[in-house]
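Okay, structure first, notes after.
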């Protein structure tokens with residue numbers, strides 16, 4: 001696609017998705033582009049266009065060609081760069097995704113979906129999205145077949161003193177956000193600093209409870225690089241693995257409840273409040289939020305025993321019930337999407353979601369994993385949430 005063709009196509013797109021025009025102007029301003037240079041954002045996808053595409057995308061559009069040899073892979077809306085815990089730089093990410101989009105363009109005719117739409121969704125940082133964007137505008141023609149979504153995977157948690165003994169951790173993904181927005185970056189920076197500040201308290205508390213002084217903050221940070229950046233929801237899991245490695249499984253399990261029940265009352269803040277995320281995104285004026293891989297939300301360490309017993313007395317599963325409570329609360333706050341087409345499922349979940357995405361019945365409808373996934377998927381269908389998805393890519397690969 002020649003330079004003039006890119007300009008023309010960009011103008012046509014603005015007419016189709018007029019709400020995205022303001023988004024492009026905001027990005028152009030941050031990048032120091034003149035109005036006549038806004039077309040250099042040709043490959044960037046705004047929220048209005050992305051929402052439209054998600055209404056016509058099929059589950060198979062999210063599957064890599066190694067899974068379906070007769071289909072092209074069109075969407076990967078969950079990837080990470082080395083700005084968080086990925087192995088690939090944002091610039092290399094851009095080149096790699098673009099190369100695949102070019103290959104797809106050679107093998108299939110143009111239709112109503114881009115050849116490849118990929119999102120950068122680094123944990124609790126927008127730095128990867130900013131770096132990719134700056135590389136993109138230097139040579140927009142090079143990336144003509146690729147569409148990119150600027151995003152972020154926000155760590156957060158749900159609090160409910162009646163049903164939960166500890167906050168329930170989960171993640172939200174922001175799509176088509178403004179990665180330069182001061183409000184968004186302020187809450188991300190504050191959380192990162194809080195996590196780094198909390199680590200000495202956590203290590204000291206664990207040493208006291210176990211009766212040892214062998215656990216070391218520096219050693220933990222060396223073993224878990226993501227913690228050094230103050231990023232990711234998985235801080236408790238990193239600490240648990242470190243103790244397991246250092247002192248053995250018995251010691252790790254003995255302290256497990258303490259590790260997985262950090263909260264503000266202990267002076268330990270490791271997750272963002274969901275209201276902060278929704279508020280920051282709304283104030284920025286751009287983007288929308290979806291819940292990341294809802295089927296992989298781990299409820300067990302957070303559920304209160306009284307709530308489990310009350311659910312069992314009514315013949316209900318406490319995990320499925322709290323998930324419905326969480327999804328309902330998020331929907332009321334403005335949740336627009338859910339990562340139903342998440343591809344990095346493991347164990348029974350992989351089998352269940354393969355059946356779901358193939359449109360085939362699951363062989364055992366009484367299976368607890370199937371019922372868990374069905375509870376989530378039924379809520380999404382009944383409430384009209386957009387269905388996103390991706391491979392949670394961290395390496396030099398698409399899936």
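Data for the structure
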quantity: Test set (1) outside any loop (DSSP other than H, G, I, E, B); (2) at pLDDT below 95; (3) under 21 Å from the mean Cα position of the chain (by Cα); (4) surrounded by fewer than 20 Cβ atoms within 10 Å (Cβ to Cβ) - residue 104 fails condition number; calculated: (3)
quantity: Candidate set from segment 359-379 (those that are assigned to a helix (DSSP H, G or I) and in contact (Cβ under 8 Å) with a residue 60 or more places away in the chain); member that is farthest from residue 174 (Cα to Cα); calculated: 372
quantity: Test: residue in segment 323-340 that is within 30 Å of residue 90 (Cα to Cα), in contact with a strand residue (DSSP E or B) (Cβ under 8 Å, 6 or more places away or on another chain) and modelled with pLDDT under 95; calculated: yes
quantity: So residue 218, is it on the phi < 0 side of the Ramachandran plot, in a helix (DSSP H, G or I) and at pLDDT below 85; calculated: yes
quantity: Single condition residue 166 does not satisfy, out of (1) at pLDDT below 95; (2) part of a strand (DSSP E or B); calculated: (2)
quantity: Test: residue in segment 4-24 that is at negative phi, surrounded by fewer than 21 Cβ atoms within 10 Å (Cβ to Cβ) and not in a helix (DSSP H, G or I); calculated: yes
quantity: Of all residues making up segment 241-296, the number that are at pLDDT 85 or above, assigned to a loop (DSSP other than H, G, I, E, B) and either in contact with a helix residue (DSSP H, G or I) (Cβ under 8 Å, 6 or more places away or on another chain) or crowded, with 21+ Cβ neighbours inside 10 Å (or both); calculated: 5
quantity: Lone unmet requirement of (1) outside any helix (DSSP H, G or I); (2) within 22 Å of the chain's Cα centre (by Cα); (3) at pLDDT 95 or above; (4) surrounded by fewer than 18 Cβ atoms within 10 Å (Cβ to Cβ) for residue 52; calculated: (1)
quantity: Candidates 85, 112, filtered to the one that is surrounded by fewer than 21 Cβ atoms within 10 Å (Cβ to Cβ) and either free of Cβ contacts under 8 Å to residues at least 60 places away in the same chain or assigned to a helix (DSSP H, G or I) (or both); calculated: 112
quantity: Scan of segment 356-377 for residues that are under 15 Å from residue 63 (Cβ atoms) and surrounded by 15 or more Cβ atoms within 10 Å (Cβ to Cβ), ordered by number; calculated: 356, 357
quantity: Residue match in segment 203-211 (condition: out of contact with any strand residue (DSSP E or B) (no Cβ under 6 Å at 6 or more places or on another chain), modelled with pLDDT of 95 or more and crowded, with 18+ Cβ neighbours inside 10 Å); calculated: no
quantity: Members of segment 145-159 that are surrounded by fewer than 24 Cβ atoms within 10 Å (Cβ to Cβ) and not in a strand (DSSP E or B); calculated: 145, 159
quantity: Qualifying positions in segment 301-323 - part of a loop (DSSP other than H, G, I, E, B) and either surrounded by 15 or more Cβ atoms within 10 Å (Cβ to Cβ) or touching a residue at least 40 places away in the same chain (Cβ under 8 Å) (or both); calculated: 301, 302, 304, 317
quantity: Test for residue 351: is it surrounded by fewer than 22 Cβ atoms within 10 Å (Cβ to Cβ), modelled with pLDDT of 95 or more, more than 21 Å from the chain's Cα centre (by Cα) and in a helix (DSSP H, G or I); calculated: no
quantity: Residue in segment 62-69 that is in a helix (DSSP H, G or I) and either closer than 25 Å to residue 345 by Cα or in contact (Cβ under 8 Å) with a residue 60 or more places away in the chain (or both) present; calculated: yes
quantity: Top-ranked residue of segment 329-344 - restricted to ones that are surrounded by fewer than 19 Cβ atoms within 10 Å (Cβ to Cβ) and touching a residue at least 40 places away in the same chain (Cβ under 8 Å), ranked as nearest to the chain's Cα centre (by Cα); calculated: 344
quantity: Failed item, numbered, when residue 59 is tested on (1) within 25 Å of the chain's Cα centre (by Cα); (2) at pLDDT below 95; (3) closer than 23 Å to residue 132 by Cβ; calculated: (3)
quantity: Some residue of segment 198-210 being farther than 25 Å from residue 299 by Cβ, in a loop (DSSP other than H, G, I, E, B) and touching a helix residue (DSSP H, G or I) at 6+ places or on another chain (Cβ under 8 Å); calculated: no
quantity: Meets criteria (free of Cβ contacts under 8 Å to residues at least 60 places away in the same chain, under 21 Å from residue 134 (Cα atoms), under 19 Å from the mean Cα position of the chain (by Cα) and surrounded by 14 or more Cβ atoms within 10 Å (Cβ to Cβ)) for residue 76; calculated: no
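The values are calculated or read from the model by the stated rules, or taken from the named source; none is laboratory data. All values reported here derive from a predicted model rather than from experimental measurement. When we count neighbours, we look across all protein chains shown, and the Cβ atoms used for this are built from the backbone with ideal geometry, even at glycine.
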